[in-house]
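Everything below concerns the one structure shown next.
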Amino acid sequence: MPPLVQPARALLINLRALSPNCREAARLQSQALDHPLPFLPRLGVRLHRALCQRCRRYGDQILRLRELVQAHPHGGDATPSVTLSPAARQRCERALREAAK
Ligand SMILES: [Zn+2]
């Protein structure tokens, strides 16, 4: 066995240990929108996003949603000019739940 194989395996195992599961990665990505994450959780989320397309997509979606909300500074009590139908709302909720798995 080449001499660098065992250290490389050990490094890979340690990197996997840093990566949270999908549920935790989703929670941390949501949390990161409001507060900067400490170094290790931030590193774990980055590792997880590099490996998991669903969580990467989920993170991109919540970031985009936040940008859209901030682009419309009407506040919470303004009546929206466009509303989702109940079916569209259910599709969105279902897609977000699936992306978070
Ligand atoms: Zn994931």
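The values are calculated or read from the model by the stated rules, or taken from the named source; none is laboratory data. All of these numbers come straight from a predicted model, not from anything done at the bench. Neighbour counts are summed over all protein chains in view; Cβ atoms, including those assigned to glycine, are modelled from backbone coordinates with ideal geometry. For the accessible areas, the whole protein counts, side chains as well, though only heavy atoms, and no ligand, DNA or RNA atoms are used. Shrake-Rupley method; radii C 1.70, N 1.55, O 1.52, S 1.80 Å.
What 222 nm value per residue comes from the helices of the chain, counting each DSSP H run with n ≥ 4 as -39,500 (n - 2.57) and dividing by all residues, nearest 500 deg cm²/dmol? Can you show the working numbers first?
Numbers: 5 runs with 74 residues, N = 101.
Calculated at 222 nm, the ellipticity per residue is -24000 deg cm²/dmol.
How much of the accessible area of the chain, in percent, comes from carbon and sulfur atoms when a 1.4 Å probe is used?
59
Say R0 is 22 Å: what FRET efficiency, to the nearest 0.05, do Glu67 and Leu15 get from their beta-carbon distance? Please report the intermediate quantities before stating the final value.
Values: r = 30 Å, r/R0 = 1.38.
The pair Glu67/Leu15 has a calculated efficiency of 0.15.
Let me know the whole percent of all Cα-Cα pairs from the chain that are separated by more than 25 Å. Can you show the working numbers first?
Working: 1899 of 5050 pairs.
That fraction is 38 percent.
Given the options Ala88, Ala26, Ala50, state which has the largest fluctuation in a GNM of the chain using a 10 Å cut-off (strictly under) for Cα springs.
Ranking Ala88, Ala26, Ala50 by mean-square fluctuation puts Ala88 first.
For the stretch 34-54 and the stretch 13-32, what is the separation of their Cα centres, given in Å?
Spelled out, the Cα-based centre of one part sits 6 Å from the other.
For the chain, what is the accessible area per residue in Å², given a 1.4 Å probe and the full set of protein chains?
Dividing the accessible area of the chain by its residue count gives 80 Å².
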